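Below is one structure, written out as C-alpha coordinates; comments come after it.
The values are calculated or read from the model by the stated rules, or taken from the named source; none is laboratory data. All values reported here derive from a predicted model rather than from experimental measurement. Because the Cβ atoms are built from the backbone with ideal geometry, glycine has one as well, and the counts that use them run over all protein chains shown. With ligands, DNA and RNA removed, areas are computed over all heavy atoms of the protein, side chains included. Shrake-Rupley method; radii C 1.70, N 1.55, O 1.52, S 1.80 Å.
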Amino acid sequence: MTSRAGEEFDAERAAAEVTGLLAAPVPVAGPTAAEGDPATGEWTVTVGEGFRIVPLWEGHSLTGVYAPEWNEAVEAAEGHLAALAGALGVHWGPHRPVRLHVALLRWEAGAAVEPLFEALFAEDLYGDLVVWGPLAPDGRWIALTVGHSDGDAPLVLAALVSDRPITEPDDGDSPL
(Lines give C-alpha, C1' and ligand atoms only; values in the text may rest on other atoms or scores of the structure.)
Protein backbone atom coordinates (compact mmCIF):
# COMPACT_ATOMS: atom_id res chain seq x y z
CA MET A 1 0.00 0.00 0.00
CA THR A 2 1.14 3.52 -0.74
CA SER A 3 0.60 6.96 0.65
CA ARG A 4 -1.62 7.65 -2.41
CA ALA A 5 -4.42 5.29 -1.32
CA GLY A 6 -7.85 6.85 -1.78
CA GLU A 7 -6.70 9.67 -4.06
CA GLU A 8 -8.34 10.09 -7.45
CA PHE A 9 -5.98 10.11 -10.41
CA ASP A 10 -5.19 13.63 -11.57
CA ALA A 11 -2.97 13.70 -14.68
CA GLU A 12 -2.10 17.37 -14.21
CA ARG A 13 -0.94 16.85 -10.61
CA ALA A 14 0.94 13.70 -11.56
CA ALA A 15 2.69 15.46 -14.47
CA ALA A 16 3.77 18.27 -12.14
CA GLU A 17 5.13 15.75 -9.64
CA VAL A 18 7.04 13.88 -12.33
CA THR A 19 8.50 17.13 -13.66
CA GLY A 20 9.50 18.02 -10.09
CA LEU A 21 11.50 14.80 -9.89
CA LEU A 22 14.03 16.32 -12.28
CA ALA A 23 15.17 18.55 -9.41
CA ALA A 24 14.70 16.00 -6.61
CA PRO A 25 17.79 14.85 -4.76
CA VAL A 26 19.14 11.39 -5.52
CA PRO A 27 21.88 9.75 -3.48
CA VAL A 28 25.28 9.57 -5.14
CA ALA A 29 26.07 6.38 -3.22
CA GLY A 30 24.67 4.22 -0.51
CA PRO A 31 22.12 1.49 0.03
CA THR A 32 18.59 1.41 -1.32
CA ALA A 33 15.99 2.40 1.28
CA ALA A 34 12.20 2.52 1.12
CA GLU A 35 10.47 5.01 3.36
CA GLY A 36 6.93 5.04 4.67
CA ASP A 37 4.53 7.58 6.06
CA PRO A 38 5.38 7.99 9.78
CA ALA A 39 1.74 7.60 10.83
CA THR A 40 0.60 4.78 8.54
CA GLY A 41 3.77 3.11 7.29
CA GLU A 42 2.46 3.30 3.72
CA TRP A 43 5.17 3.56 1.06
CA THR A 44 6.11 7.15 0.14
CA VAL A 45 9.51 6.95 -1.58
CA THR A 46 12.43 4.66 -2.33
CA VAL A 47 15.88 6.11 -2.81
CA GLY A 48 19.03 4.39 -3.91
CA GLU A 49 22.33 5.05 -5.58
CA GLY A 50 21.44 7.46 -8.38
CA PHE A 51 17.62 7.15 -8.24
CA ARG A 52 14.36 8.07 -6.51
CA ILE A 53 11.02 6.25 -6.97
CA VAL A 54 7.67 7.69 -5.84
CA PRO A 55 4.06 6.52 -6.05
CA LEU A 56 1.74 8.79 -8.04
CA TRP A 57 -1.56 6.91 -7.76
CA GLU A 58 -2.96 3.79 -6.14
CA GLY A 59 -6.09 2.01 -7.32
CA HIS A 60 -8.68 0.25 -5.22
CA SER A 61 -8.08 -3.11 -3.58
CA LEU A 62 -8.63 -6.03 -5.92
CA THR A 63 -9.72 -8.36 -3.12
CA GLY A 64 -12.72 -10.29 -4.33
CA VAL A 65 -12.52 -8.70 -7.78
CA TYR A 66 -12.68 -10.96 -10.83
CA ALA A 67 -13.08 -10.49 -14.57
CA PRO A 68 -14.50 -8.31 -16.05
CA GLU A 69 -14.01 -5.86 -13.15
CA TRP A 70 -10.36 -6.98 -12.76
CA ASN A 71 -9.72 -6.26 -16.45
CA GLU A 72 -11.42 -2.88 -16.11
CA ALA A 73 -9.15 -1.98 -13.18
CA VAL A 74 -6.05 -2.94 -15.18
CA GLU A 75 -7.30 -0.99 -18.21
CA ALA A 76 -7.97 2.06 -16.02
CA ALA A 77 -4.45 1.95 -14.56
CA GLU A 78 -2.91 1.54 -18.01
CA GLY A 79 -5.10 4.43 -19.18
CA HIS A 80 -3.70 6.62 -16.41
CA LEU A 81 -0.19 5.67 -17.48
CA ALA A 82 -0.97 6.47 -21.13
CA ALA A 83 -2.59 9.82 -20.24
CA LEU A 84 0.38 10.82 -18.11
CA ALA A 85 2.88 9.69 -20.75
CA GLY A 86 0.97 11.72 -23.33
CA ALA A 87 1.03 14.83 -21.15
CA LEU A 88 4.76 14.49 -20.51
CA GLY A 89 5.44 13.72 -24.15
CA VAL A 90 4.16 17.18 -25.09
CA HIS A 91 7.20 18.64 -23.30
CA TRP A 92 9.79 15.88 -23.63
CA GLY A 93 8.91 14.26 -26.94
CA PRO A 94 8.35 10.57 -27.51
CA HIS A 95 9.22 8.07 -24.84
CA ARG A 96 10.77 4.69 -25.33
CA PRO A 97 9.80 1.43 -23.65
CA VAL A 98 12.17 -0.46 -21.39
CA ARG A 99 10.99 -4.01 -20.85
CA LEU A 100 11.71 -5.52 -17.45
CA HIS A 101 10.98 -9.21 -18.06
CA VAL A 102 14.66 -10.23 -18.22
CA ALA A 103 15.50 -8.38 -15.00
CA LEU A 104 12.40 -9.82 -13.32
CA LEU A 105 13.28 -13.38 -14.33
CA ARG A 106 16.82 -12.89 -13.02
CA TRP A 107 15.53 -11.41 -9.77
CA GLU A 108 13.02 -14.23 -9.28
CA ALA A 109 15.83 -16.75 -9.89
CA GLY A 110 17.91 -15.09 -7.16
CA ALA A 111 20.43 -13.56 -9.56
CA ALA A 112 21.75 -10.04 -9.13
CA VAL A 113 19.93 -7.20 -10.90
CA GLU A 114 20.58 -3.49 -10.97
CA PRO A 115 19.59 -1.80 -7.69
CA LEU A 116 17.01 0.33 -9.53
CA PHE A 117 15.21 -2.76 -10.83
CA GLU A 118 15.48 -4.50 -7.46
CA ALA A 119 13.88 -1.43 -5.82
CA LEU A 120 11.02 -1.48 -8.34
CA PHE A 121 10.38 -5.17 -7.77
CA ALA A 122 10.50 -4.72 -3.99
CA GLU A 123 7.50 -2.38 -4.36
CA ASP A 124 5.69 -4.84 -6.68
CA LEU A 125 6.28 -2.58 -9.68
CA TYR A 126 6.73 -5.27 -12.31
CA GLY A 127 5.39 -3.36 -15.31
CA ASP A 128 7.57 -2.24 -18.18
CA LEU A 129 8.94 1.29 -18.04
CA VAL A 130 8.02 4.30 -20.16
CA VAL A 131 11.30 6.25 -20.34
CA TRP A 132 12.53 9.70 -21.35
CA GLY A 133 16.13 10.74 -21.23
CA PRO A 134 18.54 12.14 -21.00
CA LEU A 135 16.67 15.34 -20.21
CA ALA A 136 18.16 18.80 -19.78
CA PRO A 137 19.58 20.52 -17.82
CA ASP A 138 21.63 17.78 -16.13
CA GLY A 139 20.91 14.70 -18.23
CA ARG A 140 18.56 12.93 -15.84
CA TRP A 141 16.24 10.13 -16.91
CA ILE A 142 12.53 9.86 -16.02
CA ALA A 143 10.41 6.71 -16.14
CA LEU A 144 6.83 5.66 -15.36
CA THR A 145 5.44 2.22 -14.57
CA VAL A 146 2.28 0.49 -13.38
CA GLY A 147 2.36 -2.65 -11.30
CA HIS A 148 0.91 -4.66 -8.47
CA SER A 149 1.73 -7.80 -6.60
CA ASP A 150 0.47 -11.15 -7.73
CA GLY A 151 -2.20 -11.00 -5.05
CA ASP A 152 -5.19 -8.74 -4.68
CA ALA A 153 -3.15 -5.61 -3.94
CA PRO A 154 -4.13 -2.41 -5.71
CA LEU A 155 -2.48 -1.34 -8.93
CA VAL A 156 0.10 1.42 -8.41
CA LEU A 157 1.36 4.04 -10.88
CA ALA A 158 4.86 5.21 -9.98
CA ALA A 159 7.54 7.49 -11.37
CA LEU A 160 11.28 7.49 -11.00
CA VAL A 161 14.20 9.75 -11.71
CA SER A 162 17.72 8.50 -12.31
CA ASP A 163 21.00 10.27 -12.83
CA ARG A 164 22.09 7.26 -14.91
CA PRO A 165 20.73 5.84 -18.16
CA ILE A 166 17.73 3.54 -17.78
CA THR A 167 18.29 0.71 -20.23
CA GLU A 168 16.78 -2.66 -20.91
CA PRO A 169 18.84 -5.54 -19.57
CA ASP A 170 20.49 -7.72 -22.19
CA ASP A 171 18.64 -11.01 -22.56
CA GLY A 172 21.75 -12.87 -23.71
CA ASP A 173 22.18 -14.55 -20.34
CA SER A 174 18.52 -14.71 -19.32
CA PRO A 175 17.60 -17.63 -17.08
CA LEU A 176 14.94 -18.73 -19.62
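Using C-alpha pairs below 8 Å separated by at least 6 residues, the relative contact order for the chain is 26 percent. Protein heavy-atom accessible surface, 1.4 Å probe, per residue over the stretch 26-93: 53 Å². Computed over the chain, the per-residue total of -39500 (n - 2.57) for DSSP H runs of n ≥ 4 gives a 222 nm mean residue ellipticity of -9000 deg cm²/dmol, rounded to 500.
Heavy-atom surface analysis with a 1.4 Å probe gives the stretch 28-176 a carbon and sulfur content of 55 percent of its accessible area. Taking 1.002 mPa s as the viscosity and 20 °C as the temperature, the Stokes-Einstein diffusion coefficient of the stretch 87-139 based on its alpha-carbon Kirkwood radius rounds to 171 µm²/s. With θ taken as phi - 60° and the Karplus curve 6.51 cos²θ - 1.76 cosθ + 1.60 applied, the whole-hertz 3J(HN,Hα) list for the stretch 151-166 is x, 9, 5, x, 6, 10, 9, 10, 10, 9, 10, 9, 8, 10, x, 9 Hz, x standing for glycine and proline. Each peptide in 116-122, 106-112, 95-101, 141-147 receives the mean, over its residues, of other Cβ atoms within 10 Å, and ordering these scores from highest gives 141-147, 116-122, 95-101, 106-112. Solvent-accessible surface (1.4 Å probe) assigned to Asp171 amounts to roughly 90 Å².
Starting from the Kirkwood Rh over alpha-carbon pairs, what translational D in µm² s⁻¹ does the stretch 82-176 have by Stokes-Einstein at 20 °C and 1.002 mPa s? If you can, show how the numbers build up before the last one.
Details: Rh = 14.0 Å.
The Stokes-Einstein estimate is 153 µm²/s.
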